[in-house]
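Asker: Provided herewith is a single structure, encoded as structure tokens, for subsequent inquiry.
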Amino acid sequence: MDGGALVVHVVPCDAIVRSRLDAFDKIVENPRGIFPIATGDVRHPRISASGLLLGSNAQGLSVAQRAYVQVSHSCRIEAVASSIARGRNREFVELQRIEAMFIEFTRRCVCALSDSGAAPPIAVAASLLSMENKRLVHEHLSSAFIPEDLPFGTIDSSSVDLGEAVFEEAPRSVNETVRILGPILKYLANVAGLRKSPNMDEAGKYLLTEAQIRDILH
């Protein structure tokens, strides 16, 4: 769908040398930790030769999906969340919301893989697609502000590779997740024209709680 997209890849290191992991069967039995970004639930799972597909649309997989998750038999995961831009011309992308989507999905996805038997190390990579001329807004978009009046950084390319990180163990809190994802979040802030994330203090502690992240996403 239009309006730009966040793409996240999560790959257990075991998936590099094995075409199928036993953890896949456990994920199929209980995929609740791997539902699509900013969705909150599993909808219409489909199993095929490609693995497990989960969509976001309540009408099923036969229609366009705002977001989806594909899990291969080797437990490689691709997650895409589209329509991330707001505004009349779909030009405003909220930095805080992108951060929240990435942190929340990564934490629960790495934990779900680990709990299913696909043990760390687990690599994570993120990118933005269809972002040319989008404005990455520094502050929360709300009805109290006119979007054009908020500070922003303009993205001048269609795709932005945000980088990679490796989890040596499953993160059980927001700050454990942010500690590993720190370089990616810093680069995302740089793309917006900032030195660091406005949601992170000088010591690297993330200032938003899990409850605040859920509020942003839902």
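The values are calculated or read from the model by the stated rules, or taken from the named source; none is laboratory data. Model, not experiment: these values are computed from the prediction. For neighbour counting, all protein chains shown are included, and Cβ atoms are generated from backbone atoms with ideal geometry for every residue, glycine included.
Asker: Among residues belonging to region 31-46 that are in a loop (DSSP other than H, G, I, E, B) and free of Cβ contacts under 8 Å to residues at least 60 places away in the same chain, point out the one that is nearest to ASP115 (Cα to Cα).
Answerer: Here the residue is PHE35.
Asker: For the condition among the aliphatic types (A, V, I, L, M), more than 23 Å from VAL10 (Cβ to Cβ), at pLDDT below 90 and assigned to a helix (DSSP H, G or I), what is the one hit in ALA203, ALA211, ALA144?
Answerer: Being among the aliphatic types (A, V, I, L, M), more than 23 Å from VAL10 (Cβ to Cβ), at pLDDT below 90 and assigned to a helix (DSSP H, G or I) holds for just one of ALA203, ALA211, ALA144, which is ALA211.
Asker: Moving on. Would you please list the contacts, defined by Cβ atoms under 6 Å and residues six or more apart or on different chains, that run from a residue in region 51-75 that is of a type in the set (D, E, K, R) to a residue that is part of a loop (DSSP other than H, G, I, E, B)?
Answerer: Within 6 Å, the pairs are ARG66/MET1; ARG66/SER56; ARG66/SER83.
Asker: Does ARG76 qualify as being out of contact with any Cys (no Cβ under 7 Å at 6 or more places or on another chain) and farther than 20 Å from PRO12 by Cα?
Answerer: When the stated conditions are applied, ARG76 does not pass them.
Asker: Does SER74 satisfy being farther than 24 Å from PRO120 by Cα and not basic (Lys, Arg)?
Answerer: Considered against the rule, which asks whether it is farther than 24 Å from PRO120 by Cα and not basic (Lys, Arg), SER74 comes out as no.
Asker: State all residues of region 83-100 that are among the small types (Gly, Ala, Ser) and within 23 Å of THR177 (Cα to Cα); if no residue qualifies, say none.
Answerer: Scanning region 83-100 gives a single hit, ALA100.
Asker: Given (1) modelled with pLDDT of 90 or more; (2) not in a helix (DSSP H, G or I), where does GLY153 come up short, assuming only one miss?
Answerer: Every listed condition holds for GLY153 apart from (1).
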